[in-house]
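One structure below.
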């Protein structure tokens with residue numbers, strides 16, 4: 001399956017990071033960002049790369065693609081810290097996977113749905129509104 005020209009342009013405008021030139025670049029960035037957790041958890045470069053390739057192939061073959069918050073946010077912390085090249089390097093080391101993982105910033109979420117409890121006091125209501133605003137800012141929703 002291939003995307004039409006209009007779909008490709010739309011995806012580029014919405015989801016591509018600066019310097020990304022192809023759908024494969026986007027797939028690599030998101031797959032690598034997701035795979036960092038496996039590398040850290042298992043302390044294994046091999047496991048991280050294996051998971052990265054699994055995610056990449058699912059995305060590339062259009063068998064699965066994450067939600068908008070994942071596509072918008074995956075890797076933004078590393079990019080903002082000037083280490084965006086780690087997201088596209090040929091085959092990263094475990095240390096580089098760790099750098100990507102540790103480069104995450106507050107709000108860099110791949111989740112789309114959140115539940116925010118609301119208390120009865122005016123202060124608690126406004127705290128819930130603030131939490132919702134921060135979630136909306138990163139592309140998530142509350143329900």
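We did not get these values from a lab; they are worked out from the coordinates using the rules stated. Given the structure is predicted, the values throughout are model-derived calculations rather than measurements. In this analysis, Cβ positions are derived from the backbone assuming ideal geometry, glycine residues included, and neighbour counts consider all displayed protein chains.
The angle between the Cα long axis of helix 5-15 and the main principal axis of the chain comes to about 60°, on a 0 to 90 degree scale. Rg/Rh for the stretch 43-121 (Cα atoms only, Rh after Kirkwood) is 1.07.
What separates the Cα centres of the stretch 69-108 and the stretch 115-141 is a distance of 27 Å. For 36, 138, the sequence from fewest to most other C-beta atoms within 10 Å is 138, 36. By the beta-carbon count within 10 Å of each Cβ, the least crowded to most crowded order of 115, 142, 30, fewest first, is 115, 142, 30. Once both axes come from the Cα atoms, what is the angle between helix 23-42 and the longest principal axis of the chain, in degrees from 0 to 90, rounded to 10? That works out to roughly 80 degrees.
In the chain, inverting the average of 1/r over every pair of distinct C-alpha atoms gives 16.3 Å as the Kirkwood radius.
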